[in-house]
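Report on the structure given below.
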Amino acid sequence: MADAAAGEFVRMADEALKTESRFTVALAGGSTPLQMYSRLATVHVDWERVHFFWGDERCVPPSNPDSNFHMADRALLSSVLIPIGNIHRIPGELPVEEAAQKYEDVLRNFFGSGSPPRFNLVLLGLGSDGHTASLFPGTPAVKEKRRWVAGVRHAVPPPPLVDRVTLTLPVLNTAAYVLFLVSGEEKAGRLAQMLYGPIQPSLFPAQAVKPVFGTVRWLVDQAAAANLPPQQHLQEQKPGIV
């Protein structure tokens, strides 16, 4: 799955940079993308034209092992020749609402302050509770319609129980391409419920990620796919699952 995800990244970057001056990507946190990032550090990409953002961040300093930036920096960014100005991290060391506002300012300065930004690629994961990025079930951020970035008070599992900053659905649903990465047997039940059960985005926020003029693709390992229909039926029942 990590090889496939890295291949998708390279393919999309190469394709976009044929006609665009830059390739913008919002990275995911958590353990699942780690191997993908490590693989990307070994391949050829025009890194000087790639701009890295984050879909969410924990409110910890950037040197903290729980930081999504720290994980990506250790696995990828520190190993490739990328201008420091191309790295747009969420300032997780600040109080949650201040961090959210400062990151929204970063996005508006970079993309323009009109419509929500259209990322070339957004990487997302799936939590065992149905959350994605830091859009947790029942939190106000899931219903946010106006702001591009929201602060999230996170005091219930999954850990770590620290405040978060997250991109909101108006931004995620403007993306050109969303790639979900899901691994592990602990996700199998939730993934099947998410994809083939009733649509309940208030309970399963990942179901609300539906880009208006974009594509969603799911890369799922065998363990996470254990409760899905037989492989020969996957594509016809739920396009975008690999």
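The values are calculated or read from the model by the stated rules, or taken from the named source; none is laboratory data. None of these values were measured; they are calculated from a predicted model. Using ideal geometry, Cβ is built from the backbone for each residue, glycine included, and neighbour counts are taken over all protein chains shown. Protein only, heavy atoms only, side chains kept; ligands, DNA and RNA dropped before computing areas. Shrake-Rupley method; radii C 1.70, N 1.55, O 1.52, S 1.80 Å.
Points to keep in mind about this one:
- A single entry from Ser113, Ser78, Ser128 fulfils the requirement of being under 30 Å from Gly189 (Cβ atoms) and of a type in the set (Ser, Thr, Tyr): Ser128.
- Hits in region 151-172 (condition: under 19 Å from Arg118 (Cβ atoms) and crowded, with 18+ Cβ neighbours inside 10 Å): Thr166, Leu167, Thr168, Leu169, Val171, Leu172
- Any chance Ala150 is at pLDDT 95 or above and either in contact with a Ser or Thr (Cβ under 8 Å, 6 or more places away or on another chain) or not in a loop (DSSP other than H, G, I, E, B) (or both): yes
- Verdict on Ala175 being open to solvent by less than 10 Å² (accessible area, probe 1.4 Å), at pLDDT 95 or above, outside any strand (DSSP E or B) and out of contact with any His (no Cβ under 7 Å at 6 or more places or on another chain): yes
- Being in contact (Cβ under 8 Å) with a residue 24 or more places away in the chain, in a loop (DSSP other than H, G, I, E, B) and closer than 19 Å to Ala224 by Cα is a description that applies to Gly130.
- Against the numbered list (1) loosely packed, with under 15 Cβ neighbours inside 10 Å; (2) outside any loop (DSSP other than H, G, I, E, B), Val122 comes up short only at (1).
- Scanning region 178-217 for residues that are assigned to a helix (DSSP H, G or I) and under 15 Å from the mean Cα position of the chain (by Cα) yields Pro205, Ala206, Gln207, Ala208.
- Residue selection: Phe119 fails the criterion of being of a type in the set (Phe, Trp, Tyr) and closer than 19 Å to Leu228 by Cα.
- From Ser79, Ser63, Ser31, residue being more than 24 Å from Gly214 (Cα to Cα), modelled with pLDDT under 95 and not charged (D, E, K, R): Ser31
- Matching residues in region 54-79 - criterion: being open to solvent by 20 Å² or more (accessible area, probe 1.4 Å) and more than 18 Å from Leu124 (Cα to Cα): Cys59, Pro61, Pro62, Ser63, Asn64, Pro65, Arg74, Ser78, Ser79
- Only one entry of Thr32, Thr24 meets the criterion of being of a type in the set (Ser, Thr, Tyr) and assigned to a loop (DSSP other than H, G, I, E, B), and that entry is Thr32.
- Some residue of region 61-70 being charged (D, E, K, R) and under 22 Å from Ala176 (Cα atoms): no
- Residue in region 14-37 that is surrounded by the fewest Cβ atoms within 10 Å (Cβ to Cβ), counting only those that are in contact (Cβ under 8 Å) with a residue 40 or more places away in the chain and over 27 Å from Leu135 (Cα atoms): Glu20
- Test: residue in region 38-47 that is surrounded by fewer than 16 Cβ atoms within 10 Å (Cβ to Cβ), among the polar types (S, T, N, Q) and farther than 24 Å from Ser183 by Cβ: no
- Count of region 80-111 residues, restricted to those that are open to solvent by less than 30 Å² (accessible area, probe 1.4 Å) and either of a type in the set (S, T, N, Q) or over 11 Å from Phe52 (Cα atoms) (or both), is 10.
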